[in-house]
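The values are calculated or read from the model by the stated rules, or taken from the named source; none is laboratory data. This one's a predicted model, so the numbers in the text were calculated from it and none came from an experiment. So basically every Cβ, Gly included, is an ideal-geometry build from the backbone, and we count neighbours across all protein chains shown.
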Amino acid sequence: MKTWGAIVLTDLNSNSSDNIYLLKQENERLNTKINSYEFKEQTHSDDITSRRQCQTIGHITNDARLHQTPKMKHFQQLETKIQQLDSRLQKRERIQKDYKSSILKQSNDDVYKLRSIIQQKIERFHVELDTMLQLLKQLKGQDHNSFI
């Protein structure tokens, strides 16, 4: 009978320790859920405050633009003129670069044409010179034969 009582006691002890463990797990799960809700609420409120700050900064900058001093307006006008001049300079440089490359290409083409023309003239000159030399040889041969 004592053994039966010990078994009952161990069953009660194991059931209570299992119940305690389950309660602890449930408590941790609930704490995690609460923390996640608090985190979501905090990030939502942070988002709202960030949006409000952005809106106020936007309003402040718009007001500052509207109520600028004449010096500041003049400075901004100068700044836009500088930007326009800079863009015009870049366009000019690009046009000059394109123009130089086209002229170089054209000049290379012209050089090739002139070389071919010069080569043809040199060949014609060689042909004419060869014919003149042949005529001179013939004349020299005829003169040499006429003396004999």
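Using the structure shown, decide if GLN68 is touching a helix residue (DSSP H, G or I) at 6+ places or on another chain (Cβ under 8 Å) and either among the aromatic types (Phe, Trp, Tyr) or free of Cβ contacts under 8 Å to residues at least 24 places away in the same chain (or both). Spelling it out, GLN68 is indeed touching a helix residue (DSSP H, G or I) at 6+ places or on another chain (Cβ under 8 Å) and either among the aromatic types (Phe, Trp, Tyr) or free of Cβ contacts under 8 Å to residues at least 24 places away in the same chain (or both). For the residues LEU30, LEU23, LEU66, LEU78, the requirement of being under 45 Å from the mean Cα position of the chain (by Cα) and surrounded by 10 or more Cβ atoms within 10 Å (Cβ to Cβ) singles out LEU78.
Let's see how each residue does on (1) of a type outside the set (S, T, N, Q); (2) at pLDDT 85 or above; (3) in contact with a helix residue (DSSP H, G or I) (Cβ under 9 Å, 6 or more places away or on another chain):
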{"site": "LEU9", "(1), (2), (3)": "yes, no, no"}
{"site": "ASN13", "(1), (2), (3)": "no, no, no"}
{"site": "GLU28", "(1), (2), (3)": "yes, yes, no"}
{"site": "GLN77", "(1), (2), (3)": "no, yes, no"}
